[in-house]
1. Looking only at the stretch A:83-94, which residues are closer than 20 Å to residue A:12 by Cα and facing chain B (nearest Cβ under 9 Å)?
2. Restricting to the stretch A:49-85, name every residue that is small (Gly, Ala, Ser), within 8 Å of ligand 1 (Cβ to nearest atom) and at pLDDT 95 or above.
3. For the stretch A:59-132, please list each of the helices (runs of 4 or more DSSP H) lying entirely inside it that holds at least 3 residues being within 13 Å of ligand 2 (Cβ to nearest atom), under 29 Å from residue A:35 (Cα atoms) and within 16 Å of the chain's Cα centre (by Cα).
4. Considering every residue within the stretch B:100-116, establish whether at least one is within 16 Å of ligand 1 (Cβ to nearest atom) and farther than 14 Å from residue B:5 by Cα.
5. So residue B:90 ticks every box in (1) more than 12 Å from the chain's Cα centre (by Cα); (2) under 14 Å from residue B:12 (Cα atoms); (3) not acidic (Asp, Glu) but one. Which box is left unticked?
6. What is the one condition in (1) without any contact (Cβ under 8 Å) to a residue 24 or more places away in the chain; (2) within 16 Å of ligand 2 (Cβ to nearest atom); (3) assigned to a helix (DSSP H, G or I) that residue A:54 does not satisfy?
7. Suppose we keep only residues that are within 14 Å of chain B (Cβ to nearest Cβ) and touching a residue at least 24 places away in the same chain (Cβ under 8 Å) within the stretch A:109-135. Which one would you say is nearest to residue A:66 (Cα to Cα)?
8. Out of (1) farther than 24 Å from residue A:129 by Cβ; (2) away from chain B (no Cβ under 12 Å); (3) hydrophobic (A, V, I, L, M, F, W, C), the odd one out for residue A:52 is which?
Amino acid sequence: MNIKLSYDIAKSDFSKAGEASSNIKKVLRQLGIPADIIKRIAVSTYEAEMNIVIHSDGGRIDLLVTPEKIQVKAVDKGPGIKDVELAMKEGFSTAPNEVREMGFGAGMGLPNMKRCADEFHISSSLGNPTEITIIVNI
Amino acid sequence: MNLREIQKLLDAEVLSGEEYIDREVKTVFACDLMSDVLAFVEDKTLLLTGLVNPHTIRTAEMMDINAIVFVRGKMPDKETLNLAEENGIVILITKYILYTSCGILYKNGLAGAEIVHK
Ligand SMILES: Nc1ncnc2c1ncn2[C@@H]1O[C@H](COP(=O)(O)OP(=O)(O)OP(=O)(O)O)[C@@H](O)[C@H]1O
Ligand SMILES: [Mg+2]
């Protein structure tokens, strides 16, 4: 049986940031998914969620759980990334100061998502949505 | 070492999760940058930090970190503490600075956390 869940993520709403990832983590725990797999999904989803809150005009996270894999899709409403290859480099960040003061903006999020995932896709360009797919096999 | 011993060594106060004070801790990670906690830490470790906001708790939650020491006497707000309670995360606060807190724990046998080697 497949499970599908969807979460709206608001831009700049730091008080709610992380709620979707927290909820996804709880759902996966209820499904009895092994802890190490849950952690990889939780961390990469949280990075994606924070990126939508910090860098985008808002977006959505869709969770799909099948017997074989867990898939997280993060899609936002833009403004997109000019140079995706550069954004994927550790240490590259355009995060403003107030985000750094909250302990983020080290430019580690995208590479960390890739490391946590079995499959990772990103598609983005300036003026367009950023779409990220994270897959972890069960 | 359990959290009760850590509380004594750091002369710390327990603000959340008193009921879990017997939890064992094997390693420590100290950092004010949550991006790095998310990217580097492998262990289920104790987090020492001076960064006090709800995202510190969220980060710990995602990482399966179940105890945090806030250093330099930094007092978390209600929202931060509620989130910790909800997630069964133990919160200690100590007046010692990060360097001194680490020194005390290291001297008493607690090692650094395993990290992802870059
Ligand atoms: N959803 C997005 N929309 C627009 N730009 C983005 C998005 N996600 C990432 N970026 C761009 O890519 C850069 C790198 O992202 P990454 O997540 O690796 O680091 P960061 O968010 O800046 O810092 P960290 O993740 O360490 O807190 C960002 O600084 C931003 O310029
Ligand atoms: Mg990021």
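The values are calculated or read from the model by the stated rules, or taken from the named source; none is laboratory data. Being a predicted model, the structure only gives us computed values, none of them experimental. Here Cβ is always computed from backbone atoms with ideal geometry, including for glycine, and neighbour counts include all displayed protein chains.
1. The answer is A:93, and nothing else.
2. Our first condition is that a residue be small (Gly, Ala, Ser); within the stretch A:49-85, this holds for A:56, A:58-59, A:74, A:78, A:80.
Adding the requirement that they be within 8 Å of ligand 1 (Cβ to nearest atom) leaves A:56, A:59, A:74, A:78, A:80.
Across the stretch A:49-85, the qualifying residues are A:56, A:59, A:74, A:80.
3. Of the helices (runs of 4 or more DSSP H) lying wholly inside the stretch A:59-132, those with at least 3 residues that are within 13 Å of ligand 2 (Cβ to nearest atom), under 29 Å from residue A:35 (Cα atoms) and within 16 Å of the chain's Cα centre (by Cα) span A:109-116.
4. yes
5. (1)
6. For residue A:54, the failing item is (1).
7. If we take residues in the stretch A:109-135 being within 14 Å of chain B (Cβ to nearest Cβ) and touching a residue at least 24 places away in the same chain (Cβ under 8 Å), then A:134 is nearest to residue A:66 (Cα to Cα).
8. Answer for residue A:52: the failing condition is (1).
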